[in-house]
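Have a look at the structure below, then the notes.
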Amino acid sequence: MLRGIPYLCQILNLYSLILFAWIILSWIQVPYDHPLGQLRRILSKVIDPIVIPLRRAIPPIRLGAVALDVSVIVIFIAIRILC
């Protein structure tokens, strides 16, 4: 859909890579003063403005003791549809 706007697609693709890195880092438990903890905090500043409002609209799905964050999946699908 946005193929006529190549820079916007590049930014959205970069955002999807940042989102993927944020997901991977969320699985790793490290202190906030650790370099990976600092990187996760920086990525959260980029990701949170989009994910938090979407989480309010689409709450995580409970799967026993685990919750599946569907909002992140919706963001990936939206980026793929747009570009």
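Only the coordinates and a few stated rules stand behind these numbers; no lab work does. These figures come from a predicted structure and were not determined experimentally. Here the Cβ positions follow ideal geometry from the backbone for every residue, glycine too, while neighbour counts run over all protein chains shown.
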(message) I want to make sure I understand the PRE zone here: with the label point 7 angstrom from the Cα of residue 74 toward its beta carbon, which residues in the stretch 34-60 have backbone N atoms less than 17 Å away?
(response) 47-60
(request) Determine the shape class of the stretch 29-71: with a ≥ b ≥ c the square roots of the Cα gyration tensor eigenvalues, call it rounded for a/c under 1.5, and otherwise prolate if a/b is greater than b/c, oblate otherwise. (result) oblate
(message) Starting from the 7 Å offset along Cα-to-Cβ, what nm value, one decimal, do you get for the label separation of residue 50 and residue 38?
(response) 2.5
(request) Could you give the DSSP H helices of the chain that reach 27 angstrom or more along their long axis (alpha carbon positions) and whose average Kyte-Doolittle hydropathy is no lower than 1.0? (result) 6-26
(request) Among [x] -0.56, -0.87, -1.21, -1.38; [y] -0.63, -0.92, -1.21, -1.35; [z] -0.71, -1.00, -1.21, -1.27, find the value of log10 I(q)/I(0) by the Debye sum over Cα atoms at q = 0.16, 0.20, 0.24, 0.26 Å⁻¹ that was calculated from the structure presented, and write down its label. (result) [z]
